[in-house]
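Remarks on the structure that follows.
The values are calculated or read from the model by the stated rules, or taken from the named source; none is laboratory data. Just so it is clear, the model here is predicted, and its values are computed rather than measured. Please note: Cβ atoms are built from the backbone with ideal geometry, for glycine as well, and neighbour counts cover all protein chains shown. The area values use the complete protein model at the heavy-atom level, side chains included, leaving out ligands, DNA and RNA. Shrake-Rupley method; radii C 1.70, N 1.55, O 1.52, S 1.80 Å.
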Amino acid sequence: GYVAFKLKKLISCETCVKSLFDLRAGFGCSDARLVLLKTHGGLCFPSVCLKELLNLLEACVQKHVPQVSTFMYTNILNDILNNPSLPQLAIGCELHACSLTSRCIHFYIATRLHFLNRGLNKERDSKKQKQKLKKLSKLT
C-alpha cells in the first residue's frame, strides 16, 4: 500500500491511479478489515498486479541481500530486467505502463536498500558501542 501511495503522487493519469489500488480489498478478507478498523481507513491496499510485481521485486532483492556490495542496486536491477515475466507484470495504462513500472521498480529497490543500509549501520554501531564498553570495563 505504501508503494501505491507514493506512486500516486507521481502520476496524473486516472487509469494508472486506479491500477495501483484495490478498492475492494477492505471488504473481502478479515485481515484487511482488521487493518481498516485499526487505521481508520488511512491505509491503501495495492492491486493484484502491483502485488505480483512487488513479489517479483522482493524475490530479486532477497536473492542479493546475503552478498552486500557496492553494485547491489545494479545487480538487483539486472536480475529484474532479465526476468521473463516482467512484461506481464507492467502496471498502469498502455501509454504509461513502461514509465510507471520503471518508477515502481526504482522506488522499491531504493527503499529496500535504504532500510537494509540502516539496519547494517545500526548493527555496526551497536558492535562499536559494545567494544567501547568492553574496553572501558577493562580499564576500571
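Miscellaneous remarks
- Top-ranked residue of the range 61-80 - restricted to ones that are of a type in the set (Val, Ile, Thr) and touching a residue at least 24 places away in the same chain (Cβ under 8 Å), ranked as most open to solvent (accessible area, probe 1.4 Å): Val68
- Residue match in the range 113-133 (condition: free of Cβ contacts under 8 Å to residues at least 24 places away in the same chain and under 20 Å from Ala4 (Cβ atoms)): yes
Residue-by-condition table, conditions (1) of a type in the set (A, V, I, L, M); (2) modelled with pLDDT under 85; (3) closer than 22 Å to Leu116 by Cα:
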{"position": "Glu14", "(1), (2), (3)": "no, no, no"}
{"position": "Leu34", "(1), (2), (3)": "yes, yes, no"}
{"position": "Thr74", "(1), (2), (3)": "no, no, yes"}
{"position": "Ile80", "(1), (2), (3)": "yes, no, yes"}
{"position": "Ala90", "(1), (2), (3)": "yes, no, no"}
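- Output for the range 51-79, where each listed residue is in contact with a helix residue (DSSP H, G or I) (Cβ under 8 Å, 6 or more places away or on another chain) and outside any helix (DSSP H, G or I): Val65, Val68, Ser69
- Whichever residue in the range 89-129 is on the phi < 0 side of the Ramachandran plot and not in a helix (DSSP H, G or I) and, among such residues, is surrounded by the most Cβ atoms within 10 Å (Cβ to Cβ): Ile91
- Among the numbered conditions (1) over 17 Å from the mean Cα position of the chain (by Cα); (2) open to solvent by less than 60 Å² (accessible area, probe 1.4 Å); (3) at pLDDT 85 or above, the only one that Glu58 does not meet is (1).
- Pairs where the first residue, in the range 81-107, is under 16 Å from Lys51 (Cα atoms) and the second is in a helix (DSSP H, G or I) and charged (D, E, K, R), C-beta under 8 Å, 6+ apart: Leu89/Glu52; Phe107/Lys6
- Residue check, Ser85 hydroxyl-bearing (Ser, Thr, Tyr), in contact with a strand residue (DSSP E or B) (Cβ under 8 Å, 6 or more places away or on another chain) and either under 16 Å from Lys6 (Cα atoms) or open to solvent by less than 100 Å² (accessible area, probe 1.4 Å) (or both): no
Conditions (1) of a type in the set (D, E, K, R); (2) touching a Pro at 6+ places or on another chain (Cβ under 8 Å); (3) under 24 Å from Phe21 (Cβ atoms), marked per residue:
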{"site": "Ser69", "(1), (2), (3)": "no, no, no"}
{"site": "Leu81", "(1), (2), (3)": "no, no, no"}
{"site": "Ser85", "(1), (2), (3)": "no, no, yes"}
{"site": "Gln88", "(1), (2), (3)": "no, no, yes"}
{"site": "Gly92", "(1), (2), (3)": "no, no, yes"}
{"site": "His96", "(1), (2), (3)": "no, no, yes"}
{"site": "Ser99", "(1), (2), (3)": "no, no, yes"}
{"site": "Arg103", "(1), (2), (3)": "yes, no, yes"}
